[in-house]
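A.B. asks: The structure follows.
Read-outs: derived from the displayed coordinates by stated rules, not from any lab. Everything numeric in this text was worked out from a predicted model, so none of it was measured. Backbone-built Cβ (ideal geometry, glycine too); neighbour counts: all protein chains shown.
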Amino acid sequence: MPKMKTKRAAAKRIKITASGKAKIKRSKLRHFLTRKTTSMKRGKRMPGFIHESHMDHVKKLLPYAF
């Protein structure tokens, strides 16, 4: 049986932590930054984690990451 292919777009955006969580960079921090509040921009710098209900989809996108 052939190997499963990893979705490269997902592999570039999602990292798997040592505890098995999927870490991503938060959105809305690329342009129009002057109209966003400082506290919003500070919160967006922290990594985001994918919810447990979506992890089955992530495991299909990244079959060899887990």
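A.B. asks: In nm², what is the average projected area of the convex hull enclosing the Cα atoms of the range 8-61?
C.D. replies: That works out to 4.6 nm², a quarter of the Cα hull's surface.
A.B. asks: To the nearest 20 debye, what is the magnitude of the charge dipole of the range 8-61 about its Cα centre, counting +1 on the Cβ of each Lys and Arg and -1 on the Cβ of each Asp and Glu?
C.D. replies: I would put it at about 400 debye.
A.B. asks: State which entries of 7/36; 3/28; 7/44; 3/41; 36/59 exceed 30 angstrom in Cα-Cα distance in the structure shown.
C.D. replies: With Cα atoms farther than 30 Å apart: 7/36; 3/28; 3/41; 36/59.
A.B. asks: So which residue, out of 44, 15, 23, gets the largest mean-square fluctuation from a GNM of the chain using Cα contacts under 10 Å as springs?
C.D. replies: 44
A.B. asks: Could you tell me the calculated FRET efficiency between residue 26 and residue 65, based on Cβ-Cβ distance and R0 = 22 angstrom, to the nearest 0.05?
C.D. replies: The value I calculate is 0.65.
A.B. asks: A further question follows. Hey, if you put +1 on the Cβ of every Lys and Arg and -1 on every Asp and Glu Cβ in the chain, which of 55, 11, 38 ends up farthest toward the positive end of that dipole?
C.D. replies: 38
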